[in-house]
Amino acid sequence: MISLRQIFFASTAALYLGISYLASTATQPPALAILVGLAPFGITALVASWKAKAKFPLLLLCAVCILTLALNLENLRNHVAWLYFIQHAGTMIFLGITFGSTLGNGHASALCSRIASFIMPKTLGPEYLFYTWKVTLAWTIYFWICAATSIVLFFFSSIDIWSVFADLVTPLTLGAMFLGEHFIRTHCMPDAPHISILAIIHAYREYSRRQDLP
């Protein structure tokens, strides 16, 4: 059953993607487009700074960055596409590094293996851990392909084509990755515990939140 919270987040994501496309392809986007483009980075930076040990120096740095951006709002309006490009490509690179960096220390250390262990109360067998390691590898390849494609299209194609890739193709392929993995897991490992896609997403968010705790 889809909850109101899920509908809200889905609607917000759709609205963000729509604004991203219109803003990145416009010659003179409104100031709202800049605020929307900066919001994910800004919120992430503020939350990370608040959780860090050096809380107050980092929060002061965030305040200086916000003031600098406010004083250069007009220049940002002329280069708003760069905001969305850095956010898209940067996120893909960050996720590629996050997933890929866990592949070399054994199957149990892979990020998807850790998340699966976080969800399931019982100890996972070597076959399942090998499977989750391969899932981690698949996600790593996906994120790096998205990052490379984003960079190539941004610099060697039109902004319109890049925006279609970033705002339409990326979320569609992201959903296809989740659905494809779910289909493969239920058919290739029918005896394994059933985990829904939403449960995996929630578990990843909760796992990431706990890793940030001191």
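FYI, it's all coordinate maths here, none of it is from the lab. What you see is a predicted model; the values in this text were computed from it and never measured. Because the Cβ atoms are built from the backbone with ideal geometry, glycine has one as well, and the counts that use them run over all protein chains shown.
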Exercise. For every other residue with a beta carbon closer than 13 angstrom to the beta carbon of TYR131, add +1 if it is Lys or Arg and -1 if Asp or Glu, then tell me the sum.
Key: -1
Quiz item: In sequence order, what are the phi-derived ³J(HN,Hα) couplings for the stretch 78-87 according to the Karplus relation 6.51 cos²θ - 1.76 cosθ + 1.60 with θ = phi - 60°, rounded to whole Hz, with x for glycine and proline?
Solution: 7, 9, 5, 4, 5, 4, 6, 5, 4, 5
Self-check item: Shape call, the stretch 29-166: gyration tensor on alpha carbons, a/c limit 1.5
Solution: oblate
Quiz item: Can you sort LEU111, LEU129 by how many other beta carbons sit within 10 Å, fewest first?
Solution: LEU129, LEU111
